[in-house]
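Participant: The structure follows.
The values are calculated or read from the model by the stated rules, or taken from the named source; none is laboratory data. Fair warning: this is a prediction, and the values are worked out from it, not measured in the lab. Glycine also receives a Cβ, built like all others from the backbone with ideal geometry; neighbour counts cover every protein chain displayed. Accessible surface is based on the protein model in full, side chains and every heavy atom, while ligands, DNA and RNA are left aside. Shrake-Rupley method; radii C 1.70, N 1.55, O 1.52, S 1.80 Å.
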Amino acid sequence: MPVDAEQAWKDLQRIRVPQERVYDEFERSTSGGRGMTYGTAALMWVFLAGIGMDLPGWGVALFVAAYVGLLSALVVMFGRRRRMQLHHTRYPGRVWAAFGAAAVLVGGTTVLSHHLTQPLAPVYAGPVQATAAVAVYLLSLGYANRWAAASVRGRELAAGQEAGR
């Protein structure tokens, strides 16, 4: 049976365009949106600035408990608003690698800025540390999310090419 190349191309485009939109939406939704990003950054700044003020032990424990509680509430709030969820999409290794790299990068920035700001009074050192760590977090977040989400698109593209052979 002869195949009409033009009709086959139209059929392929009709299938591929919605699939590309799904992957575009997945890339946009990996970060949780701007509210999640800036909310997390604001919480991180307040937490790091407060911890940098040389609090007593009970103050640090209270600060950590408040930070974990507020961060959990933020995750729950924005997790419920998630517009889409691909049931066949698992978190690939790149997502965990990006998460680990961000933790090392922000943690390293915090430690380095702590050593650099030790001569300053705690009132100044805490905000400087917090600003440096949050700046690194915000600058690296977009690139890390795009790199991690690209693995889902690449995996599905490779699976589609394998099926076409």
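Matching residues to (1) loosely packed, with under 11 Cβ neighbours inside 10 Å; (2) at pLDDT below 80; (3) not charged (D, E, K, R):
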| position | (1), (2), (3) |
| --- | --- |
| M1 | yes, yes, yes |
| A5 | yes, no, yes |
| W9 | yes, yes, yes |
| L12 | yes, yes, yes |
| Q19 | no, yes, yes |
| S29 | no, yes, yes |
| R34 | yes, yes, no |
| G39 | no, no, yes |
| L62 | no, no, yes |
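Participant: Given the conditions (1) touching a helix residue (DSSP H, G or I) at 6+ places or on another chain (Cβ under 6 Å); (2) closer than 22 Å to V136 by Cα; (3) modelled with pLDDT of 75 or more, report the number of the one that D54 does not fulfil.
Facilitator: All conditions are met except number (2).
Participant: Hey, another quick one. Look at V123 and say whether it is open to solvent by less than 70 Å² (accessible area, probe 1.4 Å) and either modelled with pLDDT of 75 or more or aliphatic (A, V, I, L, M) (or both). Even if it seems obvious, please write down each step before you answer.
Facilitator: Working: open to solvent by less than 70 Å² (accessible area, probe 1.4 Å): no; either modelled with pLDDT of 75 or more or aliphatic (A, V, I, L, M) (or both): yes.
Answer is no for this residue.
Participant: Right, something else. Hey, among V95, V106, V75, which residue is open to solvent by less than 40 Å² (accessible area, probe 1.4 Å), within 21 Å of the chain's Cα centre (by Cα), at pLDDT below 80 and not polar (S, T, N, Q)? Even if it seems obvious, please write down each step before you answer.
Facilitator: Values: V106 fails: at pLDDT below 80; V75 fails: open to solvent by less than 40 Å² (accessible area, probe 1.4 Å).
Answer to the check: V95.
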